[in-house]
Amino acid sequence: MSRPTSRLLLELLLLLLLTAWTAWTQLRGLRLGVIDGLVAEYWVHGPQPPWAWVPSVHPPLYSQFMNVVDTAARQWSVRPHELVLIQAAVLQGGLLLLLAWWSRRHLGVRWTLLLLLLVACIPAGVRPYEQYPLARALLTVAALVWLRLASGGGRWPALAAVVISLVTVELQLVCGVLLAGLILCLGWRSPGHRRPLLGAAVVLTLLFLLTAWPGLYEVLAQDTGPTDTRGVSLGWTNPLLFLPLTLVFSAKLRSRAPAAVALTCGVLLFSAAVFLLQLLGFAGCQPFPYSFHYFVVVDPLLVLVAVMWLREGYAAGLSPRLLGSLLALVIGSQLLLYLQGHLVLWSNPHWIWILGVPWG
(Lines give C-alpha, C1' and ligand atoms only; values in the text may rest on other atoms or scores of the structure.)
Protein backbone atom coordinates (compact mmCIF):
# COMPACT_ATOMS: atom_id res chain seq x y z
CA MET A 1 0.00 0.00 0.00
CA SER A 2 1.40 3.39 -1.00
CA ARG A 3 2.10 6.10 1.57
CA PRO A 4 -0.57 8.55 0.28
CA THR A 5 -3.19 5.80 0.38
CA SER A 6 -2.18 4.94 3.94
CA ARG A 7 -2.58 8.58 4.94
CA LEU A 8 -5.99 8.69 3.31
CA LEU A 9 -7.18 5.57 5.11
CA LEU A 10 -5.85 6.88 8.42
CA GLU A 11 -7.62 10.22 8.02
CA LEU A 12 -10.82 8.48 6.96
CA LEU A 13 -10.70 6.26 10.04
CA LEU A 14 -10.12 9.24 12.35
CA LEU A 15 -12.97 11.21 10.79
CA LEU A 16 -15.33 8.24 11.10
CA LEU A 17 -14.36 7.99 14.77
CA LEU A 18 -15.03 11.73 15.16
CA THR A 19 -18.48 11.27 13.63
CA ALA A 20 -19.25 8.36 15.96
CA TRP A 21 -17.91 10.26 19.00
CA THR A 22 -20.04 13.32 18.19
CA ALA A 23 -23.22 11.24 17.95
CA TRP A 24 -22.39 9.23 21.09
CA THR A 25 -21.67 12.35 23.15
CA GLN A 26 -24.85 14.08 22.00
CA LEU A 27 -26.87 10.96 22.65
CA ARG A 28 -25.68 10.95 26.26
CA GLY A 29 -26.38 14.66 26.56
CA LEU A 30 -29.83 14.25 25.06
CA ARG A 31 -30.74 11.58 27.59
CA LEU A 32 -29.52 13.76 30.46
CA GLY A 33 -31.35 16.83 29.15
CA VAL A 34 -28.25 19.03 28.83
CA ILE A 35 -28.60 19.67 25.07
CA ASP A 36 -30.21 23.00 24.18
CA GLY A 37 -33.37 21.77 22.46
CA LEU A 38 -34.10 25.15 20.83
CA VAL A 39 -30.76 24.96 19.01
CA ALA A 40 -30.48 21.24 18.32
CA GLU A 41 -34.15 20.58 17.50
CA TYR A 42 -33.55 17.07 16.04
CA TRP A 43 -37.29 16.34 15.86
CA VAL A 44 -40.05 18.96 15.74
CA HIS A 45 -43.03 18.18 13.50
CA GLY A 46 -43.86 14.62 14.55
CA PRO A 47 -45.91 12.06 12.56
CA GLN A 48 -47.75 13.19 9.44
CA PRO A 49 -50.63 11.93 7.26
CA PRO A 50 -49.21 8.94 5.36
CA TRP A 51 -47.87 9.52 1.83
CA ALA A 52 -49.27 13.06 1.77
CA TRP A 53 -48.10 16.53 0.85
CA VAL A 54 -48.24 18.54 4.07
CA PRO A 55 -48.01 22.27 4.92
CA SER A 56 -44.75 24.12 4.33
CA VAL A 57 -44.73 22.21 1.01
CA HIS A 58 -43.23 18.98 2.33
CA PRO A 59 -43.48 16.08 -0.18
CA PRO A 60 -44.88 12.58 0.50
CA LEU A 61 -41.56 10.92 1.33
CA TYR A 62 -41.04 13.51 4.07
CA SER A 63 -44.34 12.44 5.62
CA GLN A 64 -43.38 8.79 5.35
CA PHE A 65 -39.93 9.42 6.82
CA MET A 66 -41.47 11.11 9.85
CA ASN A 67 -43.94 8.27 10.31
CA VAL A 68 -41.27 5.57 10.02
CA VAL A 69 -39.09 7.30 12.61
CA ASP A 70 -42.06 7.76 14.94
CA THR A 71 -43.13 4.11 14.59
CA ALA A 72 -39.60 2.80 15.11
CA ALA A 73 -39.14 4.99 18.17
CA ARG A 74 -42.31 3.64 19.77
CA GLN A 75 -41.41 0.03 18.97
CA TRP A 76 -37.90 0.37 20.37
CA SER A 77 -38.98 2.54 23.33
CA VAL A 78 -36.66 5.42 22.47
CA ARG A 79 -37.21 9.06 21.60
CA PRO A 80 -37.40 9.97 17.88
CA HIS A 81 -34.65 12.51 18.57
CA GLU A 82 -32.26 9.65 19.29
CA LEU A 83 -33.06 7.88 16.03
CA VAL A 84 -32.54 11.11 14.07
CA LEU A 85 -29.15 11.49 15.74
CA ILE A 86 -28.11 7.90 15.02
CA GLN A 87 -29.25 7.87 11.39
CA ALA A 88 -27.45 11.17 10.81
CA ALA A 89 -24.18 9.68 12.07
CA VAL A 90 -24.59 6.58 9.89
CA LEU A 91 -25.36 8.72 6.83
CA GLN A 92 -22.42 11.00 7.54
CA GLY A 93 -20.12 7.98 7.72
CA GLY A 94 -21.51 6.63 4.45
CA LEU A 95 -21.08 10.04 2.82
CA LEU A 96 -17.43 10.19 3.87
CA LEU A 97 -16.80 6.73 2.41
CA LEU A 98 -18.54 7.63 -0.85
CA LEU A 99 -16.66 10.91 -1.25
CA ALA A 100 -13.35 9.25 -0.39
CA TRP A 101 -13.90 6.70 -3.18
CA TRP A 102 -15.12 9.25 -5.74
CA SER A 103 -12.60 11.96 -4.93
CA ARG A 104 -9.59 9.63 -4.97
CA ARG A 105 -10.50 8.66 -8.53
CA HIS A 106 -11.25 12.16 -9.79
CA LEU A 107 -9.26 14.59 -7.64
CA GLY A 108 -6.33 12.60 -6.28
CA VAL A 109 -5.32 11.72 -2.73
CA ARG A 110 -4.04 15.16 -1.72
CA TRP A 111 -7.31 16.93 -2.46
CA THR A 112 -9.34 14.05 -1.08
CA LEU A 113 -7.67 14.59 2.30
CA LEU A 114 -8.83 18.21 2.24
CA LEU A 115 -12.32 17.32 1.03
CA LEU A 116 -12.91 14.74 3.76
CA LEU A 117 -11.70 17.08 6.50
CA LEU A 118 -14.04 19.86 5.36
CA VAL A 119 -17.04 17.53 4.97
CA ALA A 120 -16.49 15.91 8.36
CA CYS A 121 -16.32 19.39 9.92
CA ILE A 122 -19.45 20.81 8.30
CA PRO A 123 -20.86 22.95 11.16
CA ALA A 124 -24.47 21.81 10.66
CA GLY A 125 -23.28 18.20 10.96
CA VAL A 126 -23.43 18.56 14.75
CA ARG A 127 -27.08 19.62 14.49
CA PRO A 128 -29.01 16.92 12.57
CA TYR A 129 -32.65 17.74 11.97
CA GLU A 130 -35.40 15.37 10.85
CA GLN A 131 -35.00 14.36 7.18
CA TYR A 132 -32.18 16.74 6.29
CA PRO A 133 -29.25 14.30 6.78
CA LEU A 134 -30.94 11.81 4.46
CA ALA A 135 -31.84 14.50 1.92
CA ARG A 136 -28.29 15.84 1.74
CA ALA A 137 -26.85 12.33 1.32
CA LEU A 138 -29.31 11.57 -1.48
CA LEU A 139 -28.68 14.92 -3.16
CA THR A 140 -24.93 14.32 -3.10
CA VAL A 141 -25.35 10.87 -4.63
CA ALA A 142 -27.75 12.21 -7.26
CA ALA A 143 -25.33 14.97 -8.26
CA LEU A 144 -22.44 12.51 -8.64
CA VAL A 145 -24.59 10.22 -10.79
CA TRP A 146 -25.55 13.13 -13.06
CA LEU A 147 -21.85 13.96 -13.43
CA ARG A 148 -21.23 10.34 -14.41
CA LEU A 149 -24.02 10.49 -16.97
CA ALA A 150 -22.57 13.68 -18.46
CA SER A 151 -19.17 12.02 -18.89
CA GLY A 152 -20.54 9.27 -21.11
CA GLY A 153 -22.68 7.03 -18.96
CA GLY A 154 -25.14 4.65 -20.57
CA ARG A 155 -28.57 3.37 -19.71
CA TRP A 156 -27.88 2.42 -16.09
CA PRO A 157 -26.47 5.79 -14.98
CA ALA A 158 -29.46 7.46 -16.66
CA LEU A 159 -31.89 5.20 -14.78
CA ALA A 160 -30.03 5.74 -11.50
CA ALA A 161 -30.02 9.51 -12.02
CA VAL A 162 -33.79 9.58 -12.54
CA VAL A 163 -34.64 7.28 -9.63
CA ILE A 164 -32.30 8.84 -7.06
CA SER A 165 -33.23 12.38 -8.08
CA LEU A 166 -36.95 11.62 -7.89
CA VAL A 167 -36.58 10.12 -4.42
CA THR A 168 -34.51 13.13 -3.34
CA VAL A 169 -37.05 15.68 -4.56
CA GLU A 170 -39.95 13.69 -3.08
CA LEU A 171 -38.15 13.88 0.27
CA GLN A 172 -36.95 17.51 0.12
CA LEU A 173 -38.53 19.63 -2.60
CA VAL A 174 -35.92 22.40 -2.61
CA CYS A 175 -33.25 19.89 -3.73
CA GLY A 176 -34.88 20.05 -7.15
CA VAL A 177 -33.56 23.59 -7.61
CA LEU A 178 -29.94 22.49 -7.38
CA LEU A 179 -30.56 19.49 -9.61
CA ALA A 180 -32.23 21.70 -12.22
CA GLY A 181 -29.25 24.06 -12.33
CA LEU A 182 -26.81 21.15 -12.46
CA ILE A 183 -28.64 19.32 -15.26
CA LEU A 184 -29.15 22.42 -17.42
CA CYS A 185 -25.51 23.40 -17.11
CA LEU A 186 -24.31 19.86 -17.85
CA GLY A 187 -26.48 19.79 -20.95
CA TRP A 188 -25.04 23.10 -22.09
CA ARG A 189 -21.41 22.19 -21.33
CA SER A 190 -21.58 18.59 -22.63
CA PRO A 191 -23.01 18.78 -26.16
CA GLY A 192 -21.81 15.27 -26.95
CA HIS A 193 -23.94 13.80 -24.16
CA ARG A 194 -26.82 16.26 -24.32
CA ARG A 195 -29.36 13.73 -25.56
CA PRO A 196 -29.18 11.25 -22.63
CA LEU A 197 -28.98 14.12 -20.15
CA LEU A 198 -32.05 15.92 -21.45
CA GLY A 199 -33.92 12.64 -21.95
CA ALA A 200 -33.36 11.65 -18.33
CA ALA A 201 -34.30 15.17 -17.21
CA VAL A 202 -37.59 15.05 -19.15
CA VAL A 203 -38.48 11.66 -17.66
CA LEU A 204 -37.65 12.94 -14.17
CA THR A 205 -39.81 16.05 -14.65
CA LEU A 206 -42.80 14.06 -15.94
CA LEU A 207 -42.59 11.57 -13.07
CA PHE A 208 -42.44 14.38 -10.53
CA LEU A 209 -45.44 16.15 -12.05
CA LEU A 210 -47.42 12.91 -11.99
CA THR A 211 -46.62 12.32 -8.31
CA ALA A 212 -47.27 15.96 -7.39
CA TRP A 213 -50.88 15.93 -8.58
CA PRO A 214 -53.04 16.93 -6.79
CA GLY A 215 -51.26 17.07 -3.42
CA LEU A 216 -48.72 19.78 -4.20
CA TYR A 217 -51.33 22.12 -5.62
CA GLU A 218 -53.68 21.56 -2.68
CA VAL A 219 -50.90 22.42 -0.22
CA LEU A 220 -49.97 25.54 -2.19
CA ALA A 221 -53.62 26.61 -2.18
CA GLN A 222 -53.71 26.28 1.63
CA ASP A 223 -50.53 28.31 2.12
CA THR A 224 -51.05 31.15 4.59
CA GLY A 225 -48.71 33.51 2.73
CA PRO A 226 -45.46 35.25 3.70
CA THR A 227 -44.11 35.13 7.25
CA ASP A 228 -42.74 38.05 9.25
CA THR A 229 -39.24 36.52 9.51
CA ARG A 230 -37.81 38.08 6.37
CA GLY A 231 -34.09 38.41 5.78
CA VAL A 232 -31.18 36.50 4.27
CA SER A 233 -29.26 33.81 6.12
CA LEU A 234 -26.94 30.93 5.25
CA GLY A 235 -27.79 29.32 8.55
CA TRP A 236 -24.81 27.33 9.84
CA THR A 237 -23.17 27.09 6.42
CA ASN A 238 -19.68 28.59 6.12
CA PRO A 239 -19.92 31.65 3.81
CA LEU A 240 -16.19 31.53 3.02
CA LEU A 241 -16.72 28.27 1.13
CA PHE A 242 -18.15 30.43 -1.64
CA LEU A 243 -14.81 32.21 -2.14
CA PRO A 244 -13.20 29.47 -4.31
CA LEU A 245 -16.33 29.47 -6.49
CA THR A 246 -15.34 32.92 -7.76
CA LEU A 247 -12.71 31.13 -9.88
CA VAL A 248 -15.60 30.22 -12.19
CA PHE A 249 -15.18 33.68 -13.70
CA SER A 250 -11.81 32.65 -15.13
CA ALA A 251 -12.37 31.52 -18.73
CA LYS A 252 -9.17 29.47 -18.58
CA LEU A 253 -10.33 27.50 -15.55
CA ARG A 254 -13.90 27.11 -16.84
CA SER A 255 -12.62 25.30 -19.93
CA ARG A 256 -10.69 22.86 -17.74
CA ALA A 257 -13.44 22.00 -15.29
CA PRO A 258 -16.92 21.41 -16.79
CA ALA A 259 -18.02 19.37 -13.75
CA ALA A 260 -17.03 22.17 -11.36
CA VAL A 261 -18.86 24.70 -13.53
CA ALA A 262 -22.04 22.60 -13.47
CA LEU A 263 -21.91 22.08 -9.70
CA THR A 264 -21.29 25.79 -9.23
CA CYS A 265 -24.38 26.60 -11.31
CA GLY A 266 -26.46 24.23 -9.19
CA VAL A 267 -25.19 25.59 -5.86
CA LEU A 268 -25.57 29.24 -6.89
CA LEU A 269 -29.06 28.70 -8.30
CA PHE A 270 -30.08 26.94 -5.08
CA SER A 271 -28.63 29.80 -3.00
CA ALA A 272 -30.37 32.45 -5.09
CA ALA A 273 -33.71 30.61 -4.81
CA VAL A 274 -33.46 30.26 -1.02
CA PHE A 275 -32.41 33.90 -0.58
CA LEU A 276 -35.33 35.03 -2.74
CA LEU A 277 -37.80 32.92 -0.75
CA GLN A 278 -36.37 34.33 2.48
CA LEU A 279 -36.63 37.92 1.27
CA LEU A 280 -40.22 37.36 0.14
CA GLY A 281 -41.08 35.75 3.48
CA PHE A 282 -41.91 32.29 2.13
CA ALA A 283 -38.86 30.80 3.85
CA GLY A 284 -38.03 31.67 7.42
CA CYS A 285 -34.94 33.55 8.54
CA GLN A 286 -33.72 33.41 12.14
CA PRO A 287 -30.45 34.54 13.76
CA PHE A 288 -27.67 32.11 14.62
CA PRO A 289 -27.75 29.66 16.39
CA TYR A 290 -31.49 29.19 15.82
CA SER A 291 -31.12 29.40 12.04
CA PHE A 292 -33.23 27.34 9.68
CA HIS A 293 -31.69 24.36 7.94
CA TYR A 294 -32.17 25.06 4.22
CA PHE A 295 -28.48 25.08 3.25
CA VAL A 296 -27.72 21.83 5.09
CA VAL A 297 -28.64 19.80 2.01
CA VAL A 298 -26.03 21.51 -0.20
CA ASP A 299 -23.18 21.66 2.32
CA PRO A 300 -21.30 18.56 1.02
CA LEU A 301 -21.64 19.68 -2.61
CA LEU A 302 -20.56 23.22 -1.69
CA VAL A 303 -17.45 21.78 -0.05
CA LEU A 304 -16.84 19.50 -3.03
CA VAL A 305 -17.05 22.25 -5.63
CA ALA A 306 -14.88 24.56 -3.50
CA VAL A 307 -12.17 21.87 -3.37
CA MET A 308 -12.54 21.25 -7.11
CA TRP A 309 -11.89 24.93 -7.86
CA LEU A 310 -8.92 25.05 -5.50
CA ARG A 311 -7.48 22.03 -7.29
CA GLU A 312 -8.03 23.61 -10.70
CA GLY A 313 -6.42 26.82 -9.53
CA TYR A 314 -3.38 24.91 -8.28
CA ALA A 315 -3.08 22.94 -11.52
CA ALA A 316 -3.37 26.12 -13.60
CA GLY A 317 -0.55 27.82 -11.70
CA LEU A 318 -2.63 30.17 -9.58
CA SER A 319 -0.56 32.51 -7.45
CA PRO A 320 0.76 30.49 -4.46
CA ARG A 321 0.01 33.42 -2.16
CA LEU A 322 -3.61 33.64 -3.36
CA LEU A 323 -4.10 29.88 -3.23
CA GLY A 324 -2.55 29.69 0.23
CA SER A 325 -4.81 32.49 1.46
CA LEU A 326 -7.91 30.76 0.10
CA LEU A 327 -6.89 27.47 1.72
CA ALA A 328 -6.20 29.13 5.06
CA LEU A 329 -9.50 31.00 5.02
CA VAL A 330 -11.56 27.97 4.02
CA ILE A 331 -9.95 25.50 6.43
CA GLY A 332 -9.65 27.90 9.35
CA SER A 333 -13.20 29.20 9.11
CA GLN A 334 -14.65 25.71 8.71
CA LEU A 335 -12.89 24.42 11.81
CA LEU A 336 -13.84 27.49 13.86
CA LEU A 337 -17.51 27.29 12.87
CA TYR A 338 -17.51 23.55 13.57
CA LEU A 339 -16.15 24.19 17.07
CA GLN A 340 -18.65 27.00 17.59
CA GLY A 341 -21.46 24.62 16.61
CA HIS A 342 -20.36 22.18 19.29
CA LEU A 343 -20.22 24.90 21.93
CA VAL A 344 -23.64 26.47 21.33
CA LEU A 345 -25.39 23.10 21.25
CA TRP A 346 -25.02 22.48 24.98
CA SER A 347 -26.63 24.24 27.92
CA ASN A 348 -23.08 24.43 29.29
CA PRO A 349 -20.02 23.58 27.16
CA HIS A 350 -18.47 21.81 30.14
CA TRP A 351 -20.78 18.90 29.35
CA ILE A 352 -18.68 18.12 26.28
CA TRP A 353 -15.76 17.40 28.58
CA ILE A 354 -17.87 15.56 31.15
CA LEU A 355 -19.68 13.30 28.68
CA GLY A 356 -17.33 13.17 25.72
CA VAL A 357 -14.05 12.39 27.42
CA PRO A 358 -13.80 9.07 29.29
CA TRP A 359 -11.74 10.68 32.04
CA GLY A 360 -13.68 13.97 32.01
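The values are calculated or read from the model by the stated rules, or taken from the named source; none is laboratory data. Quick caveat, the model's predicted, so the values are computed rather than measured. FYI the Cβ positions are ideal-geometry reconstructions off the backbone, even for glycines, and counts take in every protein chain you see.
Some points to look at:
- Residues satisfying the stated conditions in region 204-231, i.e. modelled with pLDDT of 85 or more, in contact with a helix residue (DSSP H, G or I) (Cβ under 8 Å, 6 or more places away or on another chain) and surrounded by fewer than 17 Cβ atoms within 10 Å (Cβ to Cβ): LEU207
- If you go through region 36-48 and keep only what is part of a loop (DSSP other than H, G, I, E, B), surrounded by 13 or more Cβ atoms within 10 Å (Cβ to Cβ) and of a type outside the set (Phe, Trp, Tyr), you end up with ASP36, GLU41, HIS45, PRO47, GLN48.
- Every residue from region 83-128 that is more than 13 Å from the chain's Cα centre (by Cα) and of a type in the set (Lys, Arg): ARG104, ARG105, ARG110
- Search result, residues across region 256-272 that are closer than 19 Å to ALA315 by Cα, surrounded by fewer than 22 Cβ atoms within 10 Å (Cβ to Cβ) and out of contact with any Cys (no Cβ under 9 Å at 6 or more places or on another chain): ARG256
- Options LEU178, LEU197; residue that is assigned to a helix (DSSP H, G or I) and farther than 26 Å from VAL119 by Cβ: LEU197
- Some residue of region 223-244 being in a helix (DSSP H, G or I), under 24 Å from ALA328 (Cα atoms) and not hydrophobic (A, V, I, L, M, F, W, C): yes
- Residue match in region 16-35 (condition: in a loop (DSSP other than H, G, I, E, B), touching a residue at least 24 places away in the same chain (Cβ under 8 Å) and surrounded by fewer than 17 Cβ atoms within 10 Å (Cβ to Cβ)): no
- Filtering region 203-212 to residues that are without any contact (Cβ under 8 Å) to a residue 24 or more places away in the chain and closer than 17 Å to CYS175 by Cα leaves THR205, LEU206, LEU209.
- Within region 57-82, considering residues that are over 21 Å from ALA124 (Cα atoms), in a helix (DSSP H, G or I) and touching a residue at least 40 places away in the same chain (Cβ under 8 Å), the one nearest to the chain's Cα centre (by Cα): LEU61
- Condition check for PHE288 on (1) among the aromatic types (Phe, Trp, Tyr); (2) in contact with a helix residue (DSSP H, G or I) (Cβ under 7 Å, 6 or more places away or on another chain); (3) assigned to a loop (DSSP other than H, G, I, E, B): one failure, at (2).
- GLN286 surrounded by 14 or more Cβ atoms within 10 Å (Cβ to Cβ) and either over 30 Å from THR25 (Cβ atoms) or of a type in the set (S, T, N, Q) (or both): no
- Subset of region 158-175 that is of a type in the set (Val, Ile, Thr) and in a helix (DSSP H, G or I) - its residue that is surrounded by the fewest Cβ atoms within 10 Å (Cβ to Cβ): VAL163
- Every residue from region 1-35 that is over 18 Å from ILE86 (Cα atoms) and either acidic (Asp, Glu) or touching a His at 6+ places or on another chain (Cβ under 7 Å) (or both): GLU11
- Residues within region 235-244 that are surrounded by fewer than 19 Cβ atoms within 10 Å (Cβ to Cβ) and of a type outside the set (Phe, Trp, Tyr), tallied: 3
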